[in-house]
Amino acid sequence: MNEIIITTATVTGISAIFAFLLTLADKTIGNYGEVKLTINNDKEYIVNGGSSLLSTLIEEKIFIPSACGGKGTCGYCKVKVIDGGGPVLPTETPFLTEDELKDNIRLSCQCKVKENIKIQIPEELFNVKEYIATVEEIEDMTSVIKRLRIRLPEGEEIKFKPGQFIQFKAPIYDGNDEEVYRAYSIASSPSDKGYIELFIGYVPGGKCTTYVHKHLKVGDTVQINGPYGDFYFHDDNDREVILVAAGTGIAPILSILKHMKEYNINRKARFYFGAKTPDDLFLLDYFKELEETLFDFKFIPTLSRVSEEHNWTGEKGRVNNTIERHLESPENKEAYLCGNPPMIDSMVKALVNKGLPEELIYFDKFD
Ligand code: FES
């Protein structure tokens, strides 16, 4: 009996010492004290070391795009680290090109702040703000795409260019035990001040899309931040505008078209939209109206899975083939593409083959 008591007491004692050492190690090794974060050579912040660069920046209300919530799976959170970021981690390399590695670009969610650190970020990221907004409308556009109209807090607005995106936070809910941010293009026009609209497609198992499609209600508050992105409409020229999208990629294209209408931009525009069946098409009346009211606009949907009973008389097959048929000359044209990576890659190829200069093909790839 005595032996049992002694053994139990010994094991308990060793465990307590071990736990104490672990706590001490965590406190000493994980605690890097205060360090200096210098941004763009002229802004200095004293921050607590030990967190990821992404979290440290968020603490300072500086928002970097991040669609995976800092898990190192989206590759959005790139930042140039001039000094003090430590070695590049294996979790970063799949997302960084040779040129980016040479240029000291890092994934800010993987790079830890352990010492004084100097970084460089685009100045416009200082304009990114966080908003607690209210869902005013939810509309089914198709069986898998919802339109959200979101009201910003009284007196606030997001100053964005048509084509840019925001990040939307999905909270913890039944079936999801972590907060995640996902990126969505803004579908409304910048002049629709006080509001933004988003088109969110349902992805089975997707944390944010499940939240929006199965849990979100009119009147709920949501947390968003933005604007972000270097995909936006260039309104400093008179080139013909070629717009291409599939599914929810329609959102930034809508923002561009609304902007063109509001500012009476007299440029020829063609919108090539790819879908599977007629059930995947939406806003047809709106595009018809645009064909009558915009300077020289045509909406050209292409369906890839139509059968006899659909009675579809429009374009069939792949959108790149439709463009090849319609595009006569590459002169004085620029293109805006929004869709998944394979679609964008095949579009860029088709447009370059037609003679469009690559630097006039702007695109926003999303999965
Ligand atoms: S936030 Fe997604 S990779 Fe860093």
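Only the coordinates and a few stated rules stand behind these numbers; no lab work does. The structure displayed is predicted, hence computed values, not measured ones. FYI the Cβ positions are ideal-geometry reconstructions off the backbone, even for glycines, and counts take in every protein chain you see.
Annotations for the structure displayed:
- Entries in 43/112; 169/261; 129/268; 61/159; 258/354; 80/349 that, when Cα-Cα distance is taken, lie over 26 Å: 169/261; 129/268; 258/354; 80/349
- Cut-off 11 Å between beta-carbons: net charge of the residues surrounding residue 82, Lys and Arg +1, Asp and Glu -1: +1
- In terms of its alpha-carbon gyration tensor, the range 115-264 comes out oblate; a/c meets the 1.5 threshold, while b/c is at least as large as a/b.
- Screening the chain for whole DSSP H helices with an alpha carbon extent of at least 30 angstrom along the helix axis and a mean Kyte-Doolittle hydropathy of at least -1.0 yields 2-29.
- Cβ-Cβ FRET estimate between residue 326 and residue 116, R0 fixed at 56 Å, reported to 0.05: 0.50
- Here the chain carries DSSP beta bridges of which approximately 60% are antiparallel, counting only pairs with both residues inside.
- Of the GluC sites (Glu not before Pro) found in the range 273-367, the ones in coil according to DSSP and having at most 15 other Cβ atoms within 10 Å of their Cβ are 328, 331.
- Over the chain, the Kirkwood radius and the radius of gyration, each from Cα atoms, give a ratio Rg/Rh of 1.08.
- Taking 0.36 nm per residue of separation and subtracting the Cα-Cα distance, full extension of the segment from residue 91 to residue 266 would add 58.3 nm.
- Approximate spin-label separation residue 40-residue 214, in nm, with each point projected 7 Å along Cα-to-Cβ: 4.2 nm
- Per-residue extension of 0.36 nm, minus the Cα-Cα distance of residue 289 and residue 239, leaves a gain of 15.8 nm for this segment.
- Net charge contributed by nearby residues that have their C-beta within less than 12 Å of residue 243 (K/R +1, D/E -1): +2
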